[in-house]
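Just below is one structure, and these are the notes that go with it.
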Amino acid sequence: MCSLLKHVRIEKGCIDDWYRLEEYHYRGNRPYGIRHVFIATLQGEVIGVIVYSMPAPSCRVRNIALVRVLSIDEVNREFITIIG
């Protein structure tokens, strides 16, 4: 195990944590339909954030991969989107 990881903590965060680190994220979209936010901290400082949000209701590639179109209830129950 990397010795740095001994000091990194993962804990629940909030959308303000994402906004604080927004400039470092590669996706330009603002989060929507947020389900969970987690942060990584090192010595009390936020060094990373991940946001889990509701998936897009329509996704052609998902439909192709699953060989069918899921209902919105199935999509929301079975899938989640990670936003940097």
What ³J(HN,Hα) values, in whole Hz, does the Karplus curve 6.51 cos²θ - 1.76 cosθ + 1.60 give for region 31-45 when θ = phi - 60°, with x put for Gly and Pro? x, 9, x, 5, 9, 8, 9, 10, 10, 10, 10, 10, 6, x, 9
Specify which residue in the list GLN43, GLY13, HIS25 is farthest towards the positive end of the charge dipole of the chain, using unit charges on the beta carbon of Lys, Arg (+1) and Asp, Glu (-1), about the Cα centre. HIS25
Enumerate the calculated ³J(HN,Hα) couplings along region 65-70 in order (Karplus 6.51 cos²θ - 1.76 cosθ + 1.60, θ = phi - 60°), each rounded to whole Hz, writing x wherever the residue is Gly or Pro. 5, 8, 6, 5, 9, 7
Semi-axes a, b, c in Å (a largest) for region 3-83, each sqrt of 5 times a Cα gyration tensor eigenvalue, come to 30, 13, 11
Using a 10 angstrom cutoff on alpha carbons, build the Gaussian network for the chain and name the most mobile of GLY48, GLY13, GLY33. GLY33
Can you give the relative contact order of the chain as a percent, counting alpha carbon pairs under 8 Å and 6+ residues apart? 29 percent
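Each reported figure results from applying straightforward, stated rules to the coordinates on display, with no laboratory input. Small disclaimer: the values here were computed from a predicted structure and weren't measured. Positions of Cβ are backbone-derived with ideal geometry, glycine not excepted, and every protein chain shown enters the neighbour counts.
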